Ligand SMILES: C[S@@+](CC[C@H](N)C(=O)[O-])C[C@H]1O[C@@H](n2cnc3c(N)ncnc32)[C@H](O)[C@@H]1O
């Protein structure tokens, strides 16, 4: 695996929970998005790019007795997450390269992570393949596409140019992996994309 972002995220892992987004504020804001997240008890959920597990415990509490598997490719981020003793399974996985088990989850959530996937088409294929028929892929940011893209360009270095696709690009990505777009929100303070794997597939 030769992605310079791994070293970048490993380097900032120890400070992640104390700089930038406040974990409790993040959960408070996500709690207001019930109608989009639909985190119902019993869902098996794959959290992609879980980082230090800032929202993983909250997700696990919402879907129990369903299970959360949380993946990330930065070992130092995962070490912070594991130290929290959250009731979830943390695994190292590069979603652009390491094949996820197929048809095992009801919901794939990419929270504040999708722009960093260096091969977004490969990642989408992998994530869609992990969904059970009827399952959903959710990509969520607490900011608009324009704000996220400008933020990453401002950070620079390894994450400069890490962008969320625009609407036509999303439509192509979804169609290529057989997901039907069901939610699209891109406004100040929020981006939500939902794609569904229809039952017949
Ligand atoms: C901006 S951080 C967000 C972390 C967490 N979701 C949060 O909100 O605190 C993005 C995360 O995505 C992970 N990531 C980026 N590319 C990845 C990939 N190809 N496979 C797995 N994880 C990846 C990074 O290691 C990092 O932890």
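Summary of computed values
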| read-out | value |
| --- | --- |
| Highest-MSF residue in the chain out of 135, 51, 161 [GNM, Cα springs under 10 Å] | 161 |
| Distance from region 111-170 to region 43-60 (C-alpha centre basis), Å | 16 |
| Mean Cβ neighbour count within 10 Å, used as a protection proxy, ranking 92-102, 107-117 highest first | 107-117, 92-102 |
| Surface/4 estimate of mean projected area, convex hull on alpha-carbon atoms of region 98-201, nm² | 6.2 |
| Volume in Å³ per residue [convex hull over Cα atoms, computed for region 44-113] | 75 |
| Kirkwood estimate for region 4-196, i.e. one over the average of 1/r between Cα atoms, Å | 16.6 |
| For the chain, calculated [θ]222 nm from helices alone, where every DSSP H run of n ≥ 4 adds -39500 (n - 2.57) | -10000 deg cm²/dmol |
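No value in this document is a laboratory result; all are computed from the given coordinates. Because the structure is a prediction, the values reported are computed rather than measured. For neighbour counting, all protein chains shown are included, and Cβ atoms are generated from backbone atoms with ideal geometry for every residue, glycine included.
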